[in-house]
Amino acid sequence: MTTLPANRSFNQSSGQLKQFLIYAVLITGAVVVAIPFAWTLSTSLKTPQQVFTFPPVWIPDPIAWWNYPEALSSQPFGRWFLNSLVIVLVSTFGTVASCSMVAFAFARLRWPGRDLCFLILLGTMMLPDQVTIIPTFILFRELGWVNTFLPLIVPAFFARNAFYVFLLRQFFMTIPLEMDDAARLDGASHFQVYLHIILPMSKPALAVAALMFAQFKWNEFLGPLIFLNRSELYTVALGLRTFVGQEYGTDWHLMMAANIVFMIPLILIFFFAQKYFIQGVVISGVKG
Amino acid sequence: MRTDAAPSLAAPWRKRRTTHYRRAEAITGVLMASPWIIGFLVFVVGPMIYSLYLSMTRWDLFTPPRWIGLENYQQLLFNDPTFFQSLKITTIYAFVGVPLQVALGLVLATLLNQKIRFLSFFRSVYYLPSVIGGISVAIMFRWIFGTQFGLINSALRVIGIEGPSWLGDPNWVIVSFILMSLWGSGSSMLINLGALQNIPTELYEAADVDGAGTLAKFFRITIPMMTPVIFFNMVIGIIHALQEFVLPFVMTGGGPADASLFLVLYLYRNAFQFFQMGYASAIAWLLFFYILVLTLLIVRSSRAWVYYEGAIRGR
């Protein structure tokens, strides 16, 4: 990519070459990343005959937009969308509410065992869910919660995703303690400080947590697979699987249309809230 | 993992507090942390203990569990070639795929950090695959890896190469999974990019004065300064990779010939298809220990290759 600089003009042209190479690599990479999306979109707009052609066609003719209504009506898609929406919204609320409160306790209050608890909490971030999936399944089965949304929602209210506690705690620590003191002198309780001072000041961090969790929940697969086995209860993520068949037997055009519909909320959220996503990832990585 | 020291402990403003205040604070603290404490006991500790018990029983969910001691573990460790097959391919996937992913993420981040134009565009494009969940990726790539009309083999055929049966050939299927995981290097790219911007520019300026070239700077400054982040990406990446489930479940169902039977898929099969809850719990525990041991090994090895800037100053 580079050699030792010999003189100024050589240095300049090698600088240009370097620039050129950087852009070449970056653009190639971006194209490679984009191809699967483009191919999915393209396939979703093809007639069945066009799907199996060689060489592959990128721009379908005719553009079979009717694949979308067909795919969506071939399965109870509207129902699944609603199910996903309910699960995502309620559990995201639960996660943000419980994790922010717990994070406040870790960041701002002193209580016996706090530091030990925080260590354990960090440890649970490393703990694979799979270790507890069987007993958790049995627990919810005993409670009669199989084929309800409760197993997918209730744990969220108990700060089960420790990562968000960690994320919010890191953020709360950056808020000056004087804020609390002033409110305390005015007679506010700790809980009021949390509710009226810390939460309003932490909107960006709460947004990061909510968006990251909502995205995770929309994509969640193993949980719905285990707890929901009646098709009218499926989430979109779980329902997508019903399109999967053999390479030849699958209605690829319908499956890709369904897949696009599944991705749209994720991509929309991502583009409108990019800066939050990027913040979240960076906080989790750099401060971890 | 470094945690910022809590500012509260030594803060002088605490001194004026009476014991009454401190008690009230402690009570509020425990109360406000109680959702997590309860959740931890009910959804983590309880299930773990129960799962440990189950792993020493034979249980089909319908008749009462029967205590069999360590038989499940004996069977898994000494008499179950399928378990070792899944251990093997899961390990290959994690230990080949994740380092490649991390390396690619570092290279991309370094390129993006060169004061280029359209930075936010490139950053978004590269990160986009990480936003899309496993099920969606699985469906996309199942089509792309198709033998006859898959995009990759069609492209290869254009230049006269007959591509392999990516997902149908036991030798290629794990390669396909690793290639697919590289497509998701964006999250490691993003973390790296954030960290790169924290490297003091003086280091590079000093290197420029000494006449160091781009590669020399990359290997002598960037990589050493980035080792904590590389380490973090590796640990998180490997823990995730060892738990891969959706991709094999949807794309191959573990086949062909168990060549993509990832550990969690094997666990799922035993638990929810064969209804061998005891055996599946034993798999879960072995997986847990495996992840624990590997993580500890990486953490231990990190002392030799991870450079913490703060470490010199002491803690």
(message) Quick check: net charge around A:I22, other residues with Cβ under 11 Å of its Cβ, Lys/Arg +1 and Asp/Glu -1?
(response) +3
(request) With θ set to phi - 60°, apply the Karplus curve 6.51 cos²θ - 1.76 cosθ + 1.60 along the range B:55-65 and write out the HN-Hα couplings as whole Hz, x wherever there is a Gly or Pro. (result) 5, 10, 10, 10, 8, 10, 6, 9, 9, x, x
(request) With viscosity set to 1.306 mPa s and temperature to 10 °C, compute the Stokes-Einstein D of chain B, Rh being the Kirkwood radius across alpha carbon pairs; µm²/s, no decimals. (result) 68 µm²/s
(request) Quick one: check the C-alpha center-to-center distance for the range A:72-142 versus the range B:178-197, whole angstrom. (result) 25 Å
(message) Only Cα pairs within less than 10 Å get springs; with that Gaussian network setup on chain A, which residue of A:A183, A:A210, A:A162 has the largest fluctuation?
(response) A:A183
(request) Quick one: which residues, 5+ away or cross-chain, put their amide H under 5 Å from the amide H of B:T57? H built at 1.01 Å from N. (result) B:I68
(message) Explain nothing, just compute: Karplus ³J(HN,Hα) = 6.51 cos²θ - 1.76 cosθ + 1.60, θ = phi - 60°, for every residue of the range B:299-305 in order, whole Hz, x for Gly and Pro.
(response) 4, 5, 5, 4, 4, 7, 10
(request) Rank B:F289, B:F40, B:F145 by mean-square fluctuation in a GNM of chain B with C-alpha springs under 10 angstrom and give only the top-ranked residue. (result) B:F40
(message) Inside 10 Å of the C-beta atoms of A:210-216, what's the mean count of C-beta atoms belonging to other chains?
(response) 1
(message) Taking beta carbons within 10 Å but only from partner chains, what does the mean come to for residues B:44-56?
(response) 4
(message) Starting from a Cα-only point model with no solvent, please compute log10 I(q)/I(0) by Debye for the range A:147-227 at q = 0.23, 0.27 1/Å.
(response) -1.10, -1.30
(request) Please work out the FRET efficiency for the pair A:L21 and A:L122, using the Cβ-Cβ distance as r and a Förster radius of 30 Å; give the result to the nearest 0.05. (result) 0.10
(message) Which three extents, in angstrom, do the Cα atoms of the range B:225-315 have along their principal axes, listed largest first?
(response) 56, 27, 16
(request) Hydropathy first: keep DSSP H helices in chain A averaging at least 1.6 on Kyte-Doolittle, then drop any whose Cα extent along the axis falls short of 27 Å, and list what survives. (result) A:252-272
(request) Shielding by partners for A:23-30, please: the mean number of other protein chain Cβ atoms within 10 Å of each residue's Cβ. (result) 5
(message) From the gyration tensor of the Cα coordinates in the protein assembly as shown, what semi-axes in whole Å does the equivalent ellipsoid have, largest first, with each one equal to sqrt(5λ)?
(response) 39, 35, 25
(request) With a/c under 1.5 counting as rounded, go ahead and sort the range A:25-164 into rounded, prolate or oblate using the C-alpha gyration tensor (a ≥ b ≥ c being the square roots of the eigenvalues; past the cut-off, prolate if a/b is larger than b/c, else oblate). (result) prolate
(request) In whole Hz, with x marking every Gly and Pro, tabulate ³J(HN,Hα) for the range A:222-232 from phi via Karplus 6.51 cos²θ - 1.76 cosθ + 1.60, θ = phi - 60°. (result) 4, x, x, 4, 7, 8, 10, 10, 10, 5, 6
(request) Can you pull the one-decimal nm distance between simple spin-label points at A:L185 and B:F121, each 7 Å off the Cα toward Cβ? (result) 5.3 nm
(request) Ratio to report: Rg/Rh of the range A:96-197, with Cα atoms as the point set and Rh obtained by the Kirkwood method; give two decimals. (result) 1.08
(message) Once each part is reduced to its C-alpha centroid, what is the distance from the range A:168-232 to the range B:212-256 in angstrom?
(response) 29 Å
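Throughout, read-outs are computed from the coordinates displayed, never taken from laboratory work. From a predicted model like this one, the values you see are computed outputs, not experimental measurements. Glycine also receives a Cβ, built like all others from the backbone with ideal geometry; neighbour counts cover every protein chain displayed.
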